[in-house]
Structures are given as C-alpha cells and as structure tokens.
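S.K.: Below is one structure. I have some questions about it.
The values are calculated or read from the model by the stated rules, or taken from the named source; none is laboratory data. Just so you know, these numbers come straight off a predicted model, no measurement behind them. Positions of Cβ are generated from backbone atoms using ideal geometry, with glycine treated the same way; all protein chains shown enter the neighbour counts.
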Amino acid sequence: MNAEGRSRLNQTPEWTALAKHREELGEVRLRELFEADPDRGTGYTLRVGDLYVDYSKHLVTDETLRLLRELAAATDVFGLRDAMFRGERINTTEDRAVLHTALRAPRDAVIEVDGENVVPAVHAVLDRMADFARRVRSGEWTGHTGRRIRNVVNIGIGGSDLGPAMAYEALRAYTARDMTFRFVSNVDGADLHEAVRDLDPAETLFVVASKTFTTIETVTNATSARAWLLEGLGGDEKAVARHFVALSTNAEKVAGFGIDTANMFEFWDWVGGRYSYDSAIGLSLMIAIGPDRFREMLDGFRIVDEHFRTAPPEANAPLLMGLLGVWYNNFHDAQSHAVLPYSHYLSKFTAYLQQLDMESNGKYVGRDGREVDWQTGPVVWGTPGTNGQHAYYQLIHQGTKLIPADFIGFAEPVEELSDRLAAQHDLLMANFFAQTQALAFGKTPDEVRAEGVPEELVPHKTFQGNHPTTTIVARALTPSVLGQLVALYEHKVFVQGAIWNIDSFDQWGVELGKVLAKRVEPALTEGADVPGLDPSTKALVAAYRELRGR
Ligand code: F6P
C-alpha cells in the first residue's frame, strides 16, 4: 500500500509531537512522578456525577495530557461529538444517525433526525414498556392458561443480549426476587435447553430481542422456544400472543415470525445494537428492576452524556479515558486493555464492554475508505477481582507486556447482604487498593533484600511496577451509577474512534462469518458439495461428518 492510499493521522504535527514527547519521557517512573508532585494523588482526579475517577497512576505528565488534548482538537473529536448529539448521519458507511443519547433525553428535549423530533417516540415506547413491565410484575399480564408470569427468558445475541444480561446481573439486588430471568444467546441448543428445562411454559414469557429480526441465532432459538411453549401448552397457537413479545426495528419480520406487532416494542435504526440496552432492548431488565429503577438508570446515562457534551477538555472524563487509551495503544505499543471490576455484580461488565469497544473500534479501514497505518482498538478483557488476582494478575505484574487497566470499585456493599457478608467488603476493597498500588509502585530489589530474601530469589520477588491504572470509585452500584459507567465507556470508545478516524458505528467485519456459516451448513447436514470450500475446511467438514456418523 503506498503512502497516498492511507489516511495520515500519524503524520500530523500533533501526532509527531506526541511521538517525540514519548521518546523524551523514556521510561518515566511513577515513583518519580509522585515524588515530584506530592499532590498528584488528588490533582489527577475527576468527579463525574457519582463517579470518582483517579488517573494519577498513569505514565503521563501535564505535558503529555496537553499534547493528547491537542491531538483531540486536531482530529476534531468535539466537532464529531456535537454532530452525533445533533443527530447527523455520522455513521457514514450505513448512512445513519447515531443517537443512543436520545434514548435517555428528557421528555422536553428536541433532537431531530431528518427534520423529525425523535424524543416523543422514545418516551412513547418507554411508557409502553413501563406499562407492560408493571402488568407482568403485578401478575395482571397472565399467560395463556391464566397463570401469572414468573419466568422471563430474553432471546437475543450481541447487543440484544449482552446489555440486558450484564445490567440484570449488575442490578440483581434491585430485581424482583420472586421471578426468574434468563438470557439465551448461543445457537448451541444447550443454551435454550438449560434456560427452560426447569421452567413451566404456562408461567414463561419469551422476550425476543433483535434489532434486525434476521439474526439466525435469535430466530432459530425463538422458533425452538415457540415449539417448546406450544408443546407444553397443548399446541394452541393462540398461546404465542400471551407468551412472546418482540423488541425490534423490523415490524415486518416480527409479524412474519408470528408475533403480533401489538406485542412489539420498537426502536430505530439510529440505535446501534451495542448501544441499545437503554432502548426497548432493555425490556427484560425493566421487568426485572421495574420502570422507576430503569428510569433512574437512564438518568445516570444522561448525567455522563451532559458531562461529555459540556465539560471542558481538561475535565472531560470520557475524553481523558479515550486519550489515555490512545497514549498506550499508539505510543507504548500496548495491545490490550483490562477492565477489572471489584464487584461480583459486574461479572458481565467486561464482556459487555468487549462488544462495545471491539465491535466499534476493531477496524483497519478509516472513515475515508483508506487503510489506516496506526493501531486502532485494543483487545479488551478482564473478569471481576479478586478472582483475577489468583489467575492472570501474575502476568500483569511481572509479565513482559504492558497492560493498562481500569479498576472499578464501590464504597458500600449492596444493602441486602447480611452483616457478616457486608463486613467482607473492606477486605474486597483492600485488595482493590493494594493491587493498583502494587502495580504502580512495585517493589525494588532493595526493598526485597530488606525483608531478608536470599539473593538468588531477589529478582523473582522484585516488582518493577509502573503498570498504569485508572481507578473508578462510586458509593454504591445503583441503577444510576450503572448508567453513568456505561455512558462513560460509550463516550470513551467514541473519542478513540474519532481520533483513529474510523466509523465506530458499523460492524461489517462480522458479516463474512455469517454468510459463510449459511453456505457451509448444507455441507454438514447433507454432505452437499459446497463450491468454494477451501481444502482445510473441506477436510474438517468430512471429519465432523464422520464423527457424527453421517
Ligand atoms: O454481530 C453483529 C450484530 O449485528 C451486532 O452488532 C448486534 O448487536 C448483533 O449482531 C445482534 O443483532 P440483532 O439485534 O439484529 O439480532
């Protein structure tokens, strides 16, 4: 690829200045940065809504941050941000507006797409959802046989699964504990089997979540769920209307599947799948936590939207987090980014962020259609602490890779814990603070020796430190705080996509696999001679058929 064929972000003066600055900083040590500025621990912090964000343990100086902000200005991050909030079609490859922020706009806001204010429609759907959620929760909405609904099974995949499933786990303490909620995504029949095997169809509601309503995994699982329901209820087709609702942008396909569109909750093409769980896609969650808690969550999103829209660059948390990611990704060759929540309830948070971040920014073609020649989105990974400490933290502390990490923790445990279990919270958080301290400052050989460690073990017990972390703390994991956290990451991802000059809102990269799966299937089932199968795949298909006794 010749130079003319590429976008030229890395030839801008701002990029070059950062590269030079990186060279000059060399192996800057966090210990030295803190010695030079004793106020760094309080100075390098931000408050956003209920979130306290500490970025003092990063390999940056005031000058680094200034140069990063200049890169943001040169790439017009805020210009693109404003275009997004205004409803312009910034998702250029799909020719769509990007308006997940409209999903949490107040009733009296005016946000226009093609001259039409979308806010009334957003609230009309929220009101319908709230009404339906109340009826299910109260038992007013009954199943086909007149029994109340006790089980809700969400069927969806990607953004139509990860968001509601993550938020349900996160807010479990706020959920209707007398109901069962399950989330089915995998086309592996085992997923649906395990989800429904102990449920009574007469008391089960299926929420089929699919933006397009063409996703093969979801349509296949929904079809099987329908068969399971009808089998369990004596085959009366009328039962479907009481036990199936759809969340989609595609009324035609919903009707084609056999779900009455009166039981459909709508959203719009300007809501990306991975940005959709605060739309109708959140219906299962709303049934679980109730409409009031759901609205509190939306209010949380809005706090961070407003912050992102109005805070100056120096105090703008999503901008800062995006820029820090760019610093490591593009100027320190970091390949990945860990997100490590110290909350059992955030067990699916990182998995959710994987789609948000990697489906948004995992791209090598720029908005101008040209291949980029700089690194784009990192590999995002992580699980809740302290489990990770006993698994992969070894590599973060003493491995050969730089892994910037976000630590997320809370001052209070959830209210319903017994006194004994609540008392464990300080131990959890002691680990939280100890880890970021150890990662940043390590342990020098002299400190190890001073503990009387034999000389041959000193190198093994030395921690180099200097591993950068962001620490995010809030009082408690409330619905509002969850909304704030998600919006923080949504906008962080936005900032990075804007800087890397990629369309963060399309996902063409997942299409090829879908097309090929459809093509390969007849080779598995019928032994069909599928044209274009490469020799390796052909041999694998033959081995599979033999193992299946076909
Ligand atoms: O994997 C691609 C994708 O289109 C995601 O972006 C999306 O969240 C998921 O599939 C599910 O799509 P749908 O909601 O249309 O079923």
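S.K.: Within region 539-550, work out how many residues are free of Cβ contacts under 8 Å to residues at least 12 places away in the same chain and assigned to a helix (DSSP H, G or I).
M.R.: 6
S.K.: If you go through region 213-245 one residue at a time, how many are surrounded by fewer than 22 Cβ atoms within 10 Å (Cβ to Cβ), within 16 Å of the ligand (Cβ to nearest atom) and of a type in the set (A, V, I, L, M, F, W, C)?
M.R.: Residues meeting the conditions: 2.
S.K.: Could I ask something else about it? So in region 506-538, with the set limited to residues that are within 12 Å of the ligand (Cβ to nearest atom) and free of Cβ contacts under 8 Å to residues at least 24 places away in the same chain, which one is nearest to VAL187 (Cα to Cα)?
M.R.: My answer is GLY513.
S.K.: In this structure, does GLY258 turn out to be surrounded by fewer than 19 Cβ atoms within 10 Å (Cβ to Cβ) and small (Gly, Ala, Ser)? Give the steps one after another, and end with the answer.
M.R.: Numbers: surrounded by fewer than 19 Cβ atoms within 10 Å (Cβ to Cβ): yes; small (Gly, Ala, Ser): yes.
Judged against the criteria, GLY258 is a match.
S.K.: Sticking with this one: LYS253 versus (1) within 16 Å of the ligand (Cβ to nearest atom); (2) under 17 Å from the mean Cα position of the chain (by Cα); (3) more than 30 Å from ASP178 (Cα to Cα): which is the lone unmet condition?
M.R.: The one condition LYS253 does not meet is (2).
S.K.: Also, I was wondering about something else. Restricting to helices (runs of 4 or more DSSP H) lying wholly in region 405-483: which have 2 or more residues that are in contact with a Ser or Thr (Cβ under 8 Å, 6 or more places away or on another chain) and within 18 Å of TYR52 (Cβ to Cβ)?
M.R.: Numbers: elements: 419-423, 425-441, 445-450, 458-461.
Ranges flagged: 425-441.
S.K.: Collect the residues in region 133-149 that are surrounded by fewer than 18 Cβ atoms within 10 Å (Cβ to Cβ) and in contact (Cβ under 8 Å) with a residue 60 or more places away in the chain, keeping them in residue-number order. Full working, then the answer.
M.R.: At the first step, the residues of region 133-149 found to be surrounded by fewer than 18 Cβ atoms within 10 Å (Cβ to Cβ) are 134-135, 138-140, 142, 145-148.
Hits for region 133-149 are ARG134, THR142, THR145.
S.K.: Could you pull out the residue among SER185, SER210 that is out of contact with any Cys (no Cβ under 7 Å at 6 or more places or on another chain), touching a residue at least 40 places away in the same chain (Cβ under 8 Å), within 16 Å of the ligand (Cβ to nearest atom) and not hydrophobic (A, V, I, L, M, F, W, C)? Before the answer, list the steps.
M.R.: Numbers: SER185 fails: touching a residue at least 40 places away in the same chain (Cβ under 8 Å).
The unique qualifying residue is SER210.
S.K.: Let me ask something additional. Return the residues of region 93-125 that are of a type in the set (Lys, Arg) and in a helix (DSSP H, G or I); say none if nothing qualifies. Outline the logic, then answer.
M.R.: Residues of region 93-125 that are of a type in the set (Lys, Arg), as a first pass: 96, 104, 107.
Passing the criteria: only ARG104.
S.K.: Going through region 261-297 one residue at a time, which ones are within 14 Å of the ligand (Cβ to nearest atom), surrounded by fewer than 23 Cβ atoms within 10 Å (Cβ to Cβ) and among the charged types (D, E, K, R)?
M.R.: GLU266, ASP269
S.K.: Every residue in region 288-347 that is part of a helix (DSSP H, G or I), polar (S, T, N, Q) and in contact (Cβ under 8 Å) with a residue 40 or more places away in the chain, please. Step through it out loud before you land on a result.
M.R.: At the first step, the residues of region 288-347 found to be part of a helix (DSSP H, G or I) are 288-289, 291-310, 313-315, 317-331, 344-346.
If we keep only those that are polar (S, T, N, Q) as well, we get 310, 329-330.
The answer is ASN329, ASN330.
S.K.: Now, a different point. For residues that are of a type in the set (D, E, K, R) and in a loop (DSSP other than H, G, I, E, B), scanning just region 358-384, find the one that is surrounded by the most Cβ atoms within 10 Å (Cβ to Cβ).
M.R.: Applying the first criterion (of a type in the set (D, E, K, R)) to region 358-384 yields 359, 363, 367-368, 370-371, 373.
Still in the list and also in a loop (DSSP other than H, G, I, E, B): 363, 367-368, 370, 373.
On the way: LYS363: 23, ARG367: 20, ASP368: 13, ARG370: 16, ASP373: 16.
Once the filter is applied, the top-ranked residue is LYS363.
S.K.: Would you check if there is a residue in region 68-83 being hydroxyl-bearing (Ser, Thr, Tyr), in a loop (DSSP other than H, G, I, E, B) and closer than 30 Å to VAL271 by Cβ?
M.R.: yes
S.K.: Moving to a separate point now. Filter region 468-485 down to the residues that are among the hydrophobic types (A, V, I, L, M, F, W, C) and farther than 16 Å from GLU415 by Cβ and list them by number.
M.R.: Residues satisfying the conditions are ILE472, VAL473, LEU485.
S.K.: How many residues, within region 170-203, are under 16 Å from MET286 (Cα atoms) and of a type outside the set (Lys, Arg)? Explain how you work it out, then say what you get.
M.R.: Here is the first cut: in region 170-203, the residues under 16 Å from MET286 (Cα atoms) are 170-183.
Okay, now just the ones that are also of a type outside the set (Lys, Arg), so 170-171, 173-176, 178-181, 183.
Qualifying residue count for the region: 11.
S.K.: Right, another one. Give ALA440, ALA423 a once-over and let me know the one that is surrounded by fewer than 14 Cβ atoms within 10 Å (Cβ to Cβ) and of a type in the set (A, V, I, L, M). Give the derivation first.
M.R.: Numbers: ALA440 fails: surrounded by fewer than 14 Cβ atoms within 10 Å (Cβ to Cβ).
So the residue among ALA440, ALA423 that is surrounded by fewer than 14 Cβ atoms within 10 Å (Cβ to Cβ) and of a type in the set (A, V, I, L, M) is ALA423.
S.K.: Shifting gears a bit: Taking the conditions exactly as written (in contact (Cβ under 8 Å) with a residue 12 or more places away in the chain, surrounded by 23 or more Cβ atoms within 10 Å (Cβ to Cβ) and either away from the ligand (no atom under 16 Å from the Cβ) or at positive phi (or both)), does ALA476 satisfy them or not?
M.R.: Spelling it out, it is not the case that ALA476 is in contact (Cβ under 8 Å) with a residue 12 or more places away in the chain, surrounded by 23 or more Cβ atoms within 10 Å (Cβ to Cβ) and either away from the ligand (no atom under 16 Å from the Cβ) or at positive phi (or both).
S.K.: Here are some residues: ALA165, ALA130. Which one is among the small types (Gly, Ala, Ser), in contact (Cβ under 8 Å) with a residue 24 or more places away in the chain and closer than 19 Å to ASP299 by Cβ?
M.R.: Details: ALA165 fails: closer than 19 Å to ASP299 by Cβ.
When all the criteria are applied, what remains is ALA130.
S.K.: To continue, here is another question. Condition first: in contact with a Ser or Thr (Cβ under 6 Å, 6 or more places away or on another chain) and either of a type outside the set (Asp, Glu) or at pLDDT 95 or above (or both). Now tell me which residues in region 368-379 satisfy that. Step through it out loud before you land on a result.
M.R.: Of all residues in region 368-379, those in contact with a Ser or Thr (Cβ under 6 Å, 6 or more places away or on another chain) come to 368, 370, 372, 378-379.
Across region 368-379, the qualifying residues are ARG370, VAL372, PRO378, VAL379.
S.K.: Take TRP500 and tell me if it is surrounded by fewer than 16 Cβ atoms within 10 Å (Cβ to Cβ), modelled with pLDDT of 95 or more and either of a type in the set (Phe, Trp, Tyr) or touching a Lys or Arg at 6+ places or on another chain (Cβ under 6 Å) (or both). Full working, then the answer.
M.R.: On the way: surrounded by fewer than 16 Cβ atoms within 10 Å (Cβ to Cβ): no; modelled with pLDDT of 95 or more: yes; either of a type in the set (Phe, Trp, Tyr) or touching a Lys or Arg at 6+ places or on another chain (Cβ under 6 Å) (or both): yes.
When the stated conditions are applied, TRP500 does not pass them.
S.K.: Taking region 369-396 only, how many residues are touching a Lys or Arg at 6+ places or on another chain (Cβ under 9 Å) and under 28 Å from LEU80 (Cα atoms)? Reasoning before the result, please.
M.R.: From region 369-396, those touching a Lys or Arg at 6+ places or on another chain (Cβ under 9 Å) are 370-373, 376-377, 395; that's our starting set.
The next check asks that each one be under 28 Å from LEU80 (Cα atoms); those that pass are 370-373, 376-377.
Residues flagged as touching a Lys or Arg at 6+ places or on another chain (Cβ under 9 Å) and under 28 Å from LEU80 (Cα atoms) within region 369-396 amount to 6.
S.K.: Then there's this: Restricting to region 45-67, count the residues that are buried (at least 17 other Cβ atoms within 10 Å of the Cβ), part of a helix (DSSP H, G or I) and not polar (S, T, N, Q).
M.R.: 2
S.K.: Exactly one condition in (1) surrounded by fewer than 24 Cβ atoms within 10 Å (Cβ to Cβ); (2) over 30 Å from THR478 (Cα atoms); (3) not basic (Lys, Arg) is false for ASN186; which is it?
M.R.: (2)
S.K.: Moving to a separate point now. Evaluate the following for ILE111: is it more than 22 Å from the chain's Cα centre (by Cα) and away from the ligand (no atom under 16 Å from the Cβ)?
M.R.: Judged against the criteria, ILE111 is a match.
S.K.: To continue, here is another question. Considering only region 143-153, I want to know if a residue exists there that is among the charged types (D, E, K, R) and under 30 Å from ASP82 (Cβ atoms).
M.R.: Residues of region 143-153 that are among the charged types (D, E, K, R), as a first pass: 147-148, 150.
Among the residues that remain, those that are also under 30 Å from ASP82 (Cβ atoms) are: none.
Checking region 143-153: not a single residue is among the charged types (D, E, K, R) and under 30 Å from ASP82 (Cβ atoms).
S.K.: Out of everything in region 150-182 that is within 16 Å of the ligand (Cβ to nearest atom) and part of a loop (DSSP other than H, G, I, E, B), what residue ends up being surrounded by the fewest Cβ atoms within 10 Å (Cβ to Cβ)?
M.R.: In this case the residue turns out to be ILE157.
S.K.: Is it the case that region 366-384 has a residue that's in contact with a strand residue (DSSP E or B) (Cβ under 6 Å, 6 or more places away or on another chain) and among the basic types (Lys, Arg)?
M.R.: Yes: one or more hits.
S.K.: Which of the following residues is more than 24 Å from LEU162 (Cα to Cα) and of a type in the set (Asp, Glu): ASP236, ASP191?
M.R.: On the way: ASP191 fails: more than 24 Å from LEU162 (Cα to Cα).
ASP236 is the lone residue from the list that is more than 24 Å from LEU162 (Cα to Cα) and of a type in the set (Asp, Glu).
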